[in-house]
Amino acid sequence: MKKFILSAPSYVLFASIKENCLFLKNFVSDVYLALFELHSCLNYTEEDLPPDLVEIGLTYHVHLPLDLNWEQAETTSKELLKLVQKVNFLQPSCFVLHPPPLARDLKVFVLSWLEAGYLASSLCLENIQGRNLEDYWQVIEEFDLSICLDIGHLLAYKQHNILALPGFWPRVKVVHFYGQEKAGKHTSLEDLPAAGWQILQEVFFRLENKILVLELFNRQDFLSSYQLLLDKKEDLGVCFV
């Protein structure tokens with residue numbers, strides 16, 4: 001039976017990061033820090049990211065901000081690195097990034113990332129609407145970047161072709177999983193079509209010891225999805241740590 005690391009966002013409850021982590025530790029072993037707004041998160045203090053997060057018994061990874069100004073790629077890269085420094089004390093295993101519109105801007109950021117001493121493989125590019133990773137594959141291969149596979153995005157935006165990109169599967173480090181994306185919102189796994197479960201089965205067939213994120217942003221949908229996944233885990237041939 002294959003093992004996967006079960007994770008959830010730090011915004012399942014309408015509460016602080018610490019309160020979310022204390023709640024989530026009863027269900028998952030990893031939390032993704034949802035640092036979605038660059039300047040708000042740059043202003044975080046120890047009240048927002050308390051030092052005792054390290055004592056909760058969780059591992060962490062980071063979802064980098066969604067509101068980045070890639071027209072100023074060098075400035076944005078510097079700001080992102082400042083933000084990452086705020087969470088270094090948690091030793092995040094990886095960092096998920098929505099790719100910029102242009103591959104050249106991604107390259108600017110990756111060069112800054114490497115210069116700051118971070119591993120290229122710790123940076124995971126996510127497939128999102130209008131950016132299915134094909135246009136970035138040359139940069140991904142050149143720098144040996146990793147992938148965050150969002151199954152909901154793949155289904156909603158018909159991105160199945162990315163699964164056939166050369167060397168795709170060995171690069172997948174994180175998988176985002178939920179029911180469907182509707183009007184920009186994630187729904188419970190109860191809404192997941194059969195095609196989504198089939199892709200998840202392929203994930204479990206091809207991979208092991210990767211991070212599986214139940215990417216829900218409210219308590220009810222998270223709990224219903226968590227229970228459904230537990231009910232299916234034996235049929236899927238996996239266990240979660």
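A few remarks follow.
- Cβ crowding within 10 Å ranks 29, 146 as 29, 146, fewest other Cβ atoms first.
- Exposed loop sites, defined as GluC sites (Glu not before Pro) outside DSSP H, G, I, E and B with at most 15 other Cβ atoms within 10 Å, are absent from the longest region of the chain, namely 48-207.
- Considering helices alone, the calculated mean residue ellipticity of the chain at 222 nm is -11000 deg cm²/dmol, with DSSP H runs of length four and up weighted by -39500 (n - 2.57) and normalised per residue.
- Top positive-direction residue, dipole computed over the chain with Cβ charges, set 94, 1, 218: 1
- The stretch between residue 75 and residue 26 holds 13.7 nm of extra length on full extension. This uses 0.36 nm per residue minus the Cα-Cα distance.
- The order of 45, 59, going from fewest to most other C-beta atoms within 10 Å of their C-beta, is 45, 59.
- Within the range 2-240, DSSP assigns beta bridges of which about 10% are antiparallel (rounded to the nearest 5).
- Per-residue Cβ neighbour rank within 10 angstrom, fewest leading, 123, 38: 38, 123
- Segment residue 115-residue 239, length gained on full extension (0.36 nm per residue, minus Cα span): 40.9 nm
- Vicinal HN-Hα couplings computed from phi for the range 140-150 (Karplus, 6.51 cos²θ - 1.76 cosθ + 1.60; Hz; Gly/Pro x): 4, 6, 4, 9, 6, 7, 9, 10, 10, 8, 9
- Each Cα pair under 8 Å and six or more residues apart adds its separation to the average, and for the chain the resulting relative contact order is 23 percent.
- In a reduced charge model with +1 at each Lys and Arg Cβ and -1 at each Asp and Glu Cβ, the range 2-240 shows a dipole moment near 400 debye about its Cα centre.
- Computed over the range 53-153: relative contact order in percent, which uses C-alpha pairs under 8 Å that are six or more apart: 26 percent
- The loop-placed trypsin sites (Lys or Arg not before Pro) in the range 146-182, going by DSSP, that have at most 10 neighbouring Cβ atoms within 10 Å of their Cβ come out as 158.
- Lysines with Cα under 25 Å of residue 107, excluding same-chain neighbours fewer than 8 positions away: 78, 82, 86, 173
Just so you know, all these numbers are worked out from the coordinates, no wet-lab data involved. Keep in mind that what you see is a predicted model, and the values were worked out from it rather than measured. A quick note on method: Cβ atoms are made from the backbone with ideal geometry, for glycine too, and the neighbour counts reach across all protein chains shown.
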